[in-house]
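> Questions regarding the structure given below will be posed in turn.
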Amino acid sequence: MRISRVGNKRRGPARGEAGVTLLELLVVLALMALLVGLVAPGFGRATDNWRLRRAAESVAQILRYARTRALYDQRYYVVEIRPAENRVRLLGTTPPGQAGSGVIREYLLPADMRCGEEGAATASVTYLVFSPSGAVEERTLWLRNRQGRLVQIHLSFLLGGPGVEVVRQGA
């Protein structure tokens, strides 16, 4: 009975061991490259749609935060949307120099996205006022990416908070 394999040399190729030829390797690599070429454009679109949805959720979060602060502090808060600068800011409405005045939060949209109000001019500044009662004027905001895909942010008068909905338009 053999205990150790030390010193045992095998001569010649073992049975069942086969290599891969260069031609087989090239065929497999060509097929993989073809599959990646077919899948990559769809992945790029999905990434752009995800970025648009994420930006809309960030804008909606600023709106929710403004409403919560207005209810909690019993003061007015204003959300300013500047499409030309791709900027959304939460502003306090107390007199300058007092706590709570000025910019409280700010979000910069990605450069390839635009935000605006439904029916408003593209470059016009939009102001959303949140009252101490939590009531807000019913409004609809739109975010659009470079492919033309739209996301709607709807401020509901009844619910008070924003809802984000993907609209099936554009490329």
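The numbers here are math on the coordinates, done by the rules we state, and not lab data. Here the structure is a predicted model, which is why all the values come from computation and not from measurement. FYI the Cβ positions are ideal-geometry reconstructions off the backbone, even for glycines, and counts take in every protein chain you see.
> R0 = 35 Å: FRET efficiency of Thr140 with Phe43, Cβ-based, nearest 0.05?
Working: r = 31 Å, r/R0 = 0.87.
So the FRET efficiency works out to roughly 0.70.
> Using only Cα positions of the stretch 20-81, each an equal point scatterer, no hydration layer, compute I(q)/I(0) via Debye at q = 0.12, 0.14, 0.20, 0.26 Å⁻¹ and quote the log10 values to two decimals.
Those come out to -0.56, -0.63, -0.83, -1.00, one per q.
> Let me ask something else about it. Mind listing the long-range amide H neighbours of Leu150? Cut-off is under 5 Å, sequence gap 5 or more, other chains count too, H placed in the peptide plane at 1.01 Å from N.
Excluding prolines and chain starts, which carry no amide H, the hits are Val167, Gln169.
> Label-point separation (nm) for Leu34 and Trp50, each offset 7 Å from Cα along Cα-to-Cβ?
2.8
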